[in-house]
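The structure appears below as structure tokens.
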Amino acid sequence: MSKKEEILQMYFEEHKKQEIIAETIGVSQSYISQVVKKDTRYTKEKEIRHNKSMQKKAEYNREYYKNYERPKKDDNSYEQLKALLNKDNAELSFHNNTISDYDFAKWNLSAYHRNKKGNLIIDRKLNVTNDVPKKINMNMKLKSQKCLV
């Protein structure tokens, strides 16, 4: 049997890789490739090997993702949200259940703007009731608020 026939038999009938055939026979892999590509069965064999490879890859990926555990990140967003809620609750927890002008302005920032002196002024275009603060002096110190937790 000639080298070419032996190469074709090992590639198409035994389904060996080109590198293994080259080592067995003692020729280069590029020579194996040239011989194999000239054969009429090459395109069909190439398609079969490609489909087999894709099935093997899909099976590997299924197994991999079935058993894969993602590393847990240091996500403290829940704790941050909890702290923010506790802070807001503390600000809203007064004996008389009122809210300071500053806190009202802070929670309704889109309704206020600063004037030249740095005080908060409500937007003129807004129609508001009399209990809404129109002007908030930002130059005075605020008392610390006590929490009833």
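Please work out which one of (1) in contact with a helix residue (DSSP H, G or I) (Cβ under 9 Å, 6 or more places away or on another chain); (2) without any contact (Cβ under 8 Å) to a residue 12 or more places away in the chain; (3) surrounded by 13 or more Cβ atoms within 10 Å (Cβ to Cβ) is the condition Met1 fails and give its number.
(3)
Quick one: Asp101 ticks every box in (1) touching a helix residue (DSSP H, G or I) at 6+ places or on another chain (Cβ under 8 Å); (2) of a type in the set (Asp, Glu); (3) at pLDDT below 90 bar one, so which box is it?
(1) is the only condition that Asp101 fails.
Of the numbered conditions (1) closer than 28 Å to Ile136 by Cα; (2) in a helix (DSSP H, G or I), Met10 fails exactly one; give the number of that condition.
(1)
Inside segment 69-114, can you point out the residues that are over 37 Å from the mean Cα position of the chain (by Cα) and charged (D, E, K, R)?
Asp101, Arg114
Of Glu13, Glu45, which residue is touching a residue at least 12 places away in the same chain (Cβ under 8 Å) and over 39 Å from the mean Cα position of the chain (by Cα)? Talk me through it step by step, then tell me what you get.
On the way: Glu13 fails: touching a residue at least 12 places away in the same chain (Cβ under 8 Å).
The unique qualifying residue is Glu45.
Looking only at residues that are assigned to a helix (DSSP H, G or I) and in contact with a helix residue (DSSP H, G or I) (Cβ under 6 Å, 6 or more places away or on another chain) in segment 13-24, which one is surrounded by the fewest Cβ atoms within 10 Å (Cβ to Cβ)?
The first filter runs over segment 13-24 and keeps only residues assigned to a helix (DSSP H, G or I), leaving 13, 18-24.
Those left that are additionally in contact with a helix residue (DSSP H, G or I) (Cβ under 6 Å, 6 or more places away or on another chain): 18-19, 21-22.
Working: Gln18: 18, Glu19: 10, Ile21: 23, Ala22: 18.
Only one residue fits best here, namely Glu19.
With respect to Gln55, is the statement that it is under 30 Å from Lys16 (Cβ atoms), assigned to a helix (DSSP H, G or I) and among the polar types (S, T, N, Q) true? Can you show your working first?
Values: under 30 Å from Lys16 (Cβ atoms): yes; assigned to a helix (DSSP H, G or I): yes; among the polar types (S, T, N, Q): yes.
Considered against the rule, which asks whether it is under 30 Å from Lys16 (Cβ atoms), assigned to a helix (DSSP H, G or I) and among the polar types (S, T, N, Q), Gln55 comes out as yes.
Just to be sure I understand, how many residues within segment 64-97 are within 27 Å of Leu120 (Cβ to Cβ) and either surrounded by 10 or more Cβ atoms within 10 Å (Cβ to Cβ) or modelled with pLDDT of 85 or more (or both)?
Total meeting the criteria: 14.
May I ask you to list the residues in segment 17-68 that are closer than 12 Å to Ile7 by Cα and touching a Leu at 6+ places or on another chain (Cβ under 9 Å)?
Across segment 17-68, the qualifying residues are Val35, Val36, Asp39.
The values are calculated or read from the model by the stated rules, or taken from the named source; none is laboratory data. Keep in mind that this is a model prediction, so the values were computed, not measured. So basically every Cβ, Gly included, is an ideal-geometry build from the backbone, and we count neighbours across all protein chains shown.
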